1. In this structure, is GLY180 more than 33 Å from the chain's Cα centre (by Cα) and either at pLDDT 85 or above or on the phi > 0 side of the Ramachandran plot (or both)?
2. Being open to solvent by 80 Å² or more (accessible area, probe 1.4 Å), modelled with pLDDT of 95 or more and under 28 Å from ASN34 (Cβ atoms), is that true of even one residue in segment 77-90?
3. Tally time: how many residues in segment 68-78 are outside any loop (DSSP other than H, G, I, E, B) and in contact (Cβ under 8 Å) with a residue 24 or more places away in the chain?
4. Return only the number of the condition from (1) of a type in the set (A, V, I, L, M, F, W, C); (2) open to solvent by 20 Å² or more (accessible area, probe 1.4 Å); (3) out of contact with any Gly (no Cβ under 6 Å at 6 or more places or on another chain) that CYS56 does not satisfy.
5. Could you tell me whether LEU25 is farther than 19 Å from SER100 by Cβ and touching a helix residue (DSSP H, G or I) at 6+ places or on another chain (Cβ under 8 Å)?
6. From the list GLY38, GLY4, which residue is open to solvent by less than 50 Å² (accessible area, probe 1.4 Å), more than 24 Å from the chain's Cα centre (by Cα) and modelled with pLDDT under 90?
7. Taking interchain pairs and intrachain pairs at least six residues apart, which have beta carbon atoms under 7 angstrom, with the first residue in segment 4-20 and touching a residue at least 60 places away in the same chain (Cβ under 8 Å) and the second part of a loop (DSSP other than H, G, I, E, B)?
Amino acid sequence: MLKGHVFSKQLFENQIFALFINTFLNGENGVSDNYLNGMEITYSDSNITVASGAVCIQGRFIEEDNFTTLNAGTSNLYNKLVIEVDLDKQNTETALNQVSYKIITSGSSYPKLTQTDIVKNNAGIYQYELARFRTDMNGITDFQDMRTFLNFESIYQKIQADYKSVLEQLEEELANVENGSAYVLKKDIVVLTKNIIATPHNNTNADFDFPDGFTKSNCICISYNFRNGDDGAESYGDYELYAIQHLNIYNSGITYALQNNSDNDINATVRVVLMKIQ
C-alpha cells in the first residue's frame, strides 16, 4: 500500500522525517552549538550535569529544555555518558520513553557503544556519546567532552567542496580526453578498406593514401588483414590462395602486397587499421 508523507491530508510520519534529516546531514550526529547552552557538560565529585540544548541523533532531534544531573558513583570504572535512542520502546503523549541518558560502564576499558541502524530499520538502539570519564572513590576523573557539533555552515561548505572536487576531477578527465593522454579517441583510429583483383601467380598491391590528419610519423598500423571475396574466409597470415608479401609505410601512404597462388583472378578486400600515437 502506498503512503504519502508530504501530501495534503496525509501525516508526515516521524520515521520518514528522520530519514529526510539524516540523509540531509549525511548520517552525521551532533549538538546544535547555537541553541540554548549547547548541552554543555560539567561535573563535580560524582555528579555530572548536562545543560540545556539540542542534539540530532540519526535524524531525530532531542532537546534538553533545562538541565539533567546524573550520579556516576564511586566504583573503579570506565564510564561513558550517552543519550540512548531505543525505538523498540513506546512513547506516550506525556512521556518520551524512547530516549534517555545512560552511564554505561566497564571495569577494564571504555565500553563500546550500541549503534544499530535505526534509520533503515525504524527499530533498535543507538547510543550517542556525550562524555567519557573514569570514577573512583573520589568521584569523576579523566573527564573528556565527546560532543560533536552540527555546524550547518560547515556542512554547506563541505557539500560545496565535494561538488568543487567532483568538477575539478571531471575537468581533469576531460583535459586528458582532449589531449589524448588517457584515452584513445574514435577520431584517432581509422580503418582503411580497398577491394582489389589479384591476378594469378602475381603480386598485387593495395595502395592507401594517409587520410587527413594521419602521417607516417604520427601513427602506427595496429592491424591488417584481407578477405577472400569468393568464400568470405578471413586470413591473418598464410592462406590457401594468398601469402602476405609485405606491408610498407611510406611518407605518402601504405602499400599492402598480396600474392595469388591460384590459377584464377581473386576478388579480395584488404583492410588496414591505423592509430595515432601523438
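1. Criteria not met by GLY180.
2. No: segment 77-90 contains no residue that is open to solvent by 80 Å² or more (accessible area, probe 1.4 Å), modelled with pLDDT of 95 or more and under 28 Å from ASN34 (Cβ atoms).
3. The total comes to 5.
4. (2)
5. yes
6. Values: GLY38 fails: modelled with pLDDT under 90.
So the residue among GLY38, GLY4 that is open to solvent by less than 50 Å² (accessible area, probe 1.4 Å), more than 24 Å from the chain's Cα centre (by Cα) and modelled with pLDDT under 90 is GLY4.
7. GLN15/ASN122; ALA18/GLN58; ALA18/GLY59; LEU19/GLY59
Yes/no per residue for (1) more than 21 Å from LYS80 (Cα to Cα); (2) not in a strand (DSSP E or B):
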site: PHE20; (1), (2): yes, yes
site: THR23; (1), (2): yes, yes
site: GLU28; (1), (2): no, yes
site: ASN34; (1), (2): yes, yes
site: MET39; (1), (2): no, yes
site: TYR43; (1), (2): no, no
site: VAL50; (1), (2): no, no
site: GLY53; (1), (2): no, no
site: CYS56; (1), (2): no, no
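The values are calculated or read from the model by the stated rules, or taken from the named source; none is laboratory data. Nothing here was measured: the structure is a model prediction, and the numbers come from that model. FYI the Cβ positions are ideal-geometry reconstructions off the backbone, even for glycines, and counts take in every protein chain you see. To get the accessible areas, we keep the full protein, side chains included, count just its heavy atoms, and leave off ligands, DNA and RNA. Shrake-Rupley method; radii C 1.70, N 1.55, O 1.52, S 1.80 Å.
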